[in-house]
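A short write-up of the structure that comes next.
The values are calculated or read from the model by the stated rules, or taken from the named source; none is laboratory data. Just so we're clear, the structure is a prediction, and the values are computed from it rather than from any experiment. Here the Cβ is made from the backbone with ideal geometry for all residues, glycine too, and neighbour counts use every protein chain on show.
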Amino acid sequence: MESSEKELTKSKITQGFELSFSFDPEKLKEPYSERKIIYCSCGSVVTSSLCPFCGKKYSSVTPLRNGFGLFKLTSGKQTSDIKTHVYCIDISGSMEGNRIYSIQSTIKKKIQELVLVRPQDKVAIVLFESDCFIIGDGMTKTITVDSDSSFEDIQDIINKYPTVHPISESFDSLMNKIDSIKTNGRTASISGLWISILLVMKTGGDVFFCTDGMQNKGLGIDSVSKITQALKSQHGSTVVNLFFFEDCDSFIGSFSSIASITKGRVSSIRLDNVKKGVDAAMKRENLGYDVEFTYKHPKGIELDKGIQSMHIVSSSEAIPIRYTVTNPDLIKKMSSLKVQVVMKYKAPNGSEMKAVIEGLIDLVETVGSQDVKVVISTTLNVISQLVEQNNFKDARDELNRLKTYKFNISADEDKMFKETLPYLESFIEQGQSGAIPKDQVVAVLNNMRSIKPSDISTK
């Protein structure tokens, strides 16, 4: 999980200060583990030996890599990687000329690319004007669907429609059919879109719908709600992308809910950027559905913006998370601030998955070169007194605070000093356990009070 700040100076932390994170769903494509997730009694996932939220110690942890872990809870059904891509094109009279030429050119280029990288995929063409025409893969006879056909009549037609062939078999037929497209008539756009969606729903895939005008034939606006209901049951396996020419944006409003329910793209296009819009849409992939989020964060901050649930999670949408500081004094005592998000969802094949996501911001205090020795001496003196009082917990807290200082000294000096602190921490822990006499720990700490970072070598 990316944070807006990799490192934050403590002097900046005030009441109401915002901390922003974002999660890139592309990470859900990473390999998953079937290991059991270990939970802390406080409700967080145990990812380190010391829970950052309640301080409880653990001998076993849930492994993350760079703050991310993906875990499969249950297996779903085996699914095919074959997708169907349907190009649903307005060929009404207003599309005549450069508009239809640009669409023809774009579709042909995309098929040429697909046949090289995904020859097993399927491509079908649906055209609409006053009526609709199912060109399909070009290898069977074109079917005309009367614009007066009802919602259910169209379903029956597609249920009986023959199987679409892979692009590797249909390539030449498709190219010939695309070249022969002519424009005419009115605009039965919703009928054409419903036909295209039904074709894709057979295997999963995407619809690329393009129009330049308002529908005035065929199924009416009242069919949009029926279409969205049908798409909800697909759990993101069917994606609808809507493209409209830039002077026609007022016509697309009634269709936008169909795209949004599938996490599809709604784009205004120009004659010179049709392919760019289609390329961007084809990169979008729905990675899961029925998504639920739970959040864990330390005291001193509260969740300001966090999504609780999503119908579909898409590869193209970063998920924003924002926290607000409620107790700056408490936060400033920390050496780093860690937040955790657990994302439960179902993969496209129905497998139940959990993603554990952590974000980390290092909290530092900047100390000028002239004050370095004073800060070190004062802190070690406090630690020494606490150890003498058998207050080892507060002694470790003070040592952790020393780790957060950002000394205005050379990188080598800072590195040497910071590398020494874990040894000192271990020394204090051994004093607490009795492995080293407490008097010896105090004596070492007192002797260290006069050091400068440049005096230390870890070798």
Checklist line | Odd one out for K108 among (1) touching a residue at least 40 places away in the same chain (Cβ under 8 Å); (2) touching a Leu at 6+ places or on another chain (Cβ under 8 Å) | finding: (2)
Next item on the list: Return yes or no: is G236 modelled with pLDDT under 85, of a type outside the set (A, V, I, L, M, F, W, C) and within 22 Å of R99 (Cβ to Cβ)?
Entry: no
Next item on the list: Would you mind telling me which numbered condition in (1) closer than 21 Å to V239 by Cα; (2) surrounded by fewer than 17 Cβ atoms within 10 Å (Cβ to Cβ); (3) not small (G, A, S) M310 fails?
Entry: (2)
Note to self: Within the stretch 257-344, considering only strands (runs of 3 or more DSSP E) that don't extend past its boundaries, which have at least 2 residues that are closer than 23 Å to V46 by Cα and modelled with pLDDT of 90 or more?
What the structure shows: 286-296, 301-305, 319-325
Next item on the list: Tell me, please, whether a residue that is at pLDDT below 85, surrounded by fewer than 21 Cβ atoms within 10 Å (Cβ to Cβ), in contact with a helix residue (DSSP H, G or I) (Cβ under 6 Å, 6 or more places away or on another chain) and more than 30 Å from P437 (Cβ to Cβ) can be found in the stretch 350-365.
Entry: yes
Next item on the list: Answer with yes or no whether I428 is in contact with a Phe, Trp or Tyr (Cβ under 8 Å, 6 or more places away or on another chain), assigned to a helix (DSSP H, G or I), surrounded by 13 or more Cβ atoms within 10 Å (Cβ to Cβ) and at negative phi.
Entry: yes
Next item on the list: Identify, from the list Y161, Y101, the residue that is farther than 17 Å from V278 by Cβ and more than 35 Å from the chain's Cα centre (by Cα).
Entry: Y161
Item checked: Matching residues in the stretch 273-307 - criterion: being buried (at least 20 other Cβ atoms within 10 Å of the Cβ), of a type in the set (V, I, T) and within 22 Å of K72 (Cβ to Cβ) -> V291
Checklist line | Hits in the stretch 88-103 (condition: hydrophobic (A, V, I, L, M, F, W, C) and either assigned to a helix (DSSP H, G or I) or not assigned by TED's automatic domain parsing to the domain that holds C210 (or both)) | finding: M95, I100, I103
Check: Does the stretch 104-124 contain at least one residue that is at positive phi, under 25 Å from the mean Cα position of the chain (by Cα) and assigned to a loop (DSSP other than H, G, I, E, B)?
Finding: no
Note to self: Anything in the stretch 30-59 that is loosely packed, with under 11 Cβ neighbours inside 10 Å and farther than 15 Å from V356 by Cβ? List them, or say none.
What the structure shows: S41, G55, K57, S59
Next item on the list: Kindly indicate which of T211, T228 is touching a residue at least 60 places away in the same chain (Cβ under 8 Å) and more than 16 Å from S149 (Cβ to Cβ).
Entry: T211
Check: If you take the residues in the stretch 180-210 that are of a type in the set (S, T, Y) and either outside the structural domain of F151 (by TED's automatic domain parsing) or touching a helix residue (DSSP H, G or I) at 6+ places or on another chain (Cβ under 9 Å) (or both), which one is modelled with the highest pLDDT?
Finding: S191
